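None of the figures in this text is laboratory data; all of them are computed from the coordinates on show. Quick caveat, the model's predicted, so the values are computed rather than measured. Cβ sites come from the backbone with ideal geometry, for glycine too, and all protein chains shown count toward neighbours.
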Amino acid sequence: MGKTRHFAALAVISAMIFTGCNNAGNSILEKTPDIDVPFESEMKIQAGELEFEGNIKRFTAGVWEMDITAPETLSGLCISYDDSSGVKAVLDGLEAEIPPENINDGAVFALMFKAMDCAAAAGQLSCADTEDGKVYSGEFSGGTYMLTFDPKTAALTHIEIPYGEIEGEFTNFTVTKSETVPPGTTEASS
């Protein structure tokens, strides 16, 4: 009976090592869809009590832009983010600039951008097939993240970052041609 038990334990450990399982159902290591490219998408984000929607644009690693369209109180807010030079926020002609060392580590936009940049830089991540698509998960300085991609188009459709209570949907995901980065950002932050 002892040999059978040892054999079963050895089989489970072998499966975890050779398939990359992380005890998350049918999760295995798999090549991540290529989001290390310029892209844009419409988004709807829930972060704790805060809900907003708009457009998100990635220029290169660490260089992003987010335009908020709803709720009305935030409509028109444009956030330009460069992890080497900081954040520029513009709303109704008022501008605020925040140097990188003063950006709150728990800021919703910073967590989202860093999680997606981390996934873009990863060669392989744990992956699980779900009814919503392929869910890739990993870790970054803000905790863990899960990104869901459409299994047919490889378009990013969902993000979840438990630490920031962030959950969001992406629609009209489009890989864009290399564009000029927003003013005040560096051309090559990657």
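Please state the relative contact order of the stretch 31-87 as a whole percent: Cα pairs under 8 Å, 6+ residues apart? Can you show the working numbers first?
Working: 96 pairs, mean separation 13.8, N = 57.
Here the relative contact order equals 24 percent.
Listed highest first by mean packing, meaning other Cβ atoms within 10 Å per residue, what order do 141-154, 98-111, 50-63 come in?
Working: 141-154: 16.9, 98-111: 14.8, 50-63: 19.4.
Per-residue mean Cβ counts within 10 Å order the peptides as 50-63, 141-154, 98-111.
Report the per residue volume, in Å³, of the convex hull enclosing the C-alpha atoms of the stretch 24-175.
Each residue corresponds to 110 Å³ of Cα convex hull volume.
List, in the order given, every pair from K44/K114; K57/K114; K88/K177; K57/K134 whose Cα-Cα distance in the structure shown is over 20 Å.
Checking Cα-Cα distances, K88/K177; K57/K134 exceed 20 Å.
Can you sort Y163, Y136 from fewest to most other Cβ atoms within 10 Å of each residue's own Cβ?
With the fewest neighbours first, Y163, Y136 line up as Y163, Y136.
Could you tell me the distance between the Cα centroids of the stretch 39-65 and the stretch 100-163, to the nearest Å?
Spelled out, the Cα-based centre of one part sits 12 Å from the other.
Quick one: order T157, T174 by neighbouring beta-carbon count within 10 Å, fewest to most.
Taking fewest neighbouring Cβ atoms as first place, the list is T174, T157.
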